[in-house]
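Q: Sending over a structure as structure tokens; questions will come in a sec.
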Ligand SMILES: [Fe+2]
């Protein structure tokens, strides 16, 4: 470690120590029981119905006929599977087009020489997932700017109390990568984690306001769906930490995938973050530490600290091409460590990033990267697509796509 890195590390330890001194050791007994009960309930749901993740049909979203009971379940579970966001045939066509895009432009060959630039997940138990640093293939841009996606994003934003933080009717697009996981792979995966902030959740002023009821010993008053101060949080600068406020993370399946196919796992407890926040402040955690939270990394959810919560880890149900899944930005999730299926499990990540000043500012920087085919500003500047044939261009944007890319006023 260089002197500079050591100083930075010391400074962070100091920040953590100061935060812990201020926050004290809040009581967490009721939280442990709550999490254990929720995990037991959702395991029973998974056993009885094959899945604990709420499911709705896209057509119900479009018609405005999603039931109040479904909405309540989505809010409690913090996630939702949406059937038929895009037609199966279209998703399959996109899957083939991406395969050609990768092949024709020799992504594999080029990435070998640039590997290791993205260190975000490297401390998780199983790192190096089969996630492609590609952002601008035509299918990705089409999936993000689709009118059906806009309708769905509006619905998902409506699950929040925006509290003046954002306009959920519109969004600025967030360009993310691709997962294409080969069948039989048993070395790669993503251990359970939360994106969008690690130690900052305890030290940053805005995060501290968001979680105030938790830190003040009133955790039952905490509402994960209240957006107040959510767009004001400041993350430790790091490659691959999202600079936009995402009301949901999510993806659209391009190939069929279910339990055992190396796909998404979640702990579908919207309030699970409460457990993580309080656990790190207990007396058995060393000074200057927060149960392994490290700056610039995903917040790892670990068996040695968070066993109660991990009891609720379940895999998403079978997804057909064109189905999608979305989850709250504080929800624990990961990717199965083994892909025991027979087909590649492929997805396009499509987050929900509503209109707000924070997202507009990033959107403008991202638009410049798009026009040149470079990696978006949040990601390692591998810039594979600069000279890729078949990349989406400005002329591929719809009017909606232009607006989402902040290009409508230029
Ligand atoms: Fe993640």
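Q: Which residue fluctuates the most in the chain, going by a Gaussian network model with Cα springs under 10 Å, if the choices are 317, 237, 192?
A: For the chain, modelled as a Gaussian network with Cα springs under 10 Å, the answer is 237.
Q: Give me the one-decimal nm value for the distance between modelled label points at residue 163 and residue 60, 7 Å along each residue's Cα-to-Cβ direction.
A: In this crude spin-label approximation the distance works out to 2.8 nm.
Q: Okay, moving on. Could you tell me what percent of the DSSP beta bridges with both partners in the chain are antiparallel, to the nearest 5? The partial results should precede the final answer.
A: Details: 32 of 36 bridges.
Given both bridge residues lie in the chain, the antiparallel proportion sits at roughly 90 percent.
Q: Counting each DSSP H run of 4 or more residues in the chain as -39500 (n - 2.57), what helix-only mean residue ellipticity at 222 nm follows after dividing by all residues, to the nearest 500 deg cm²/dmol?
A: -11000 deg cm²/dmol
Q: Among 242, 79, 39, rank each residue by its count of other Cβ atoms within 10 Å, from fewest to most, as a rough exposure measure.
A: 242, 39, 79
Q: Of 83, 13, 180, which has the largest mean-square fluctuation in a 10 Å C-alpha GNM of the chain?
A: 13
Q: Going by Cα centres, segment 222-295 and segment 325-380 are how many Å apart?
A: After rounding, the separation between the Cα centres reads 14 Å.
Q: Further, regarding this structure: In Å and from the alpha-carbon atoms only, list the Rg and Dmax of segment 3-404.
A: Calculated on Cα positions, Rg and Dmax stand at 20.3, 59 Å.
Q: Looking at the square roots a ≥ b ≥ c of the eigenvalues of the Cα gyration tensor of segment 1-70, which shape do they give, rounded for a/c under 1.5, prolate if a/b is larger than b/c, or oblate?
A: It is prolate, given that a/c is not under 1.5 and a/b is the larger ratio.
Q: Provide the descending list of Cα extents for segment 283-338 along its principal axes, expressed in whole angstroms.
A: 47, 24, 22
Q: Could I ask something else about it? Mean projection of the alpha-carbon convex hull of segment 12-119 over all orientations, in nm²?
A: 13.5
Q: Report, in degrees rounded to the nearest 10, the 0 to 90 angle that the Cα long axis of helix 68-77 makes with the longest principal axis of the chain.
A: 70
Q: Further question: Taking only Cα atoms and a 10 Å spring cutoff, compute GNM fluctuations for the chain and point out the largest among 182, 44, 75.
A: Judging by the Gaussian network model, the answer is 44.
We did not get these values from a lab; they are worked out from the coordinates using the rules stated. The shown structure was predicted, so the numbers you read here are calculated from the model rather than taken from an experiment. Every residue, glycine as well, gets a Cβ built from its backbone with ideal geometry; the counts of neighbours run over all protein chains shown.
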